[in-house]
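Undergrad: Pasting a structure here, questions to come.
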Amino acid sequence: MLVLSRKQDEKIIIGDSITLMVVSIQGDKVRLGIEAPKEVSIHREEVYQAIQSEQKSGCKPQSTPTEK
């Protein structure tokens with residue numbers, strides 16, 4: 001695993017199309033901003049694990065409405 005240190009408002013670039021930015025740091029919480037193409041799925045780990053669990057059990061994951 002690559003481990004990088006960043007300060008608030010600093011960015012990390014992944015490939016040509018994904019940017020992570022440290023938006024804020026408050027105590028033990030870090031807020032990240034993520035810019036990525038719409039076709040790239042981005043989930044918190046617990047949400048991703050729930051999706052994977054649903055797919056393995058044969059359940060169809062609920063779709064989340066998107067704002068336009």
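Undergrad: Of the residues L20, L2, only one is within 17 Å of the chain's Cα centre (by Cα) and surrounded by 11 or more Cβ atoms within 10 Å (Cβ to Cβ); which? If you could, list the steps in order and put the result at the bottom.
TA: Details: L2 fails: surrounded by 11 or more Cβ atoms within 10 Å (Cβ to Cβ).
So the residue among L20, L2 that is within 17 Å of the chain's Cα centre (by Cα) and surrounded by 11 or more Cβ atoms within 10 Å (Cβ to Cβ) is L20.
Undergrad: Same structure again: Given the criterion surrounded by 10 or more Cβ atoms within 10 Å (Cβ to Cβ), at pLDDT below 95, aliphatic (A, V, I, L, M) and not in a loop (DSSP other than H, G, I, E, B), identify the matching residue among I34, I51, I13. Let's see the steps before the verdict.
TA: Working: I34 fails: at pLDDT below 95; I13 fails: at pLDDT below 95.
After ruling out the rest, the residue left standing is I51.
Undergrad: Let me ask another. State yes or no: is E67 loosely packed, with under 11 Cβ neighbours inside 10 Å and at pLDDT 95 or above?
TA: Against the criterion (loosely packed, with under 11 Cβ neighbours inside 10 Å and at pLDDT 95 or above), E67 does not qualify.
Undergrad: Identify the single condition in (1) exposed (fewer than 11 other Cβ atoms within 10 Å of the Cβ); (2) modelled with pLDDT of 95 or more; (3) not aromatic (F, W, Y) that Q62 does not satisfy, given that it satisfies every other one.
TA: (2)
The values are calculated or read from the model by the stated rules, or taken from the named source; none is laboratory data. Just so it is clear, the structure is predicted and the values come from calculations on it, not from any experiment. Every residue, glycine among them, receives a Cβ derived from its backbone with ideal geometry; neighbour counts consider all protein chains shown.
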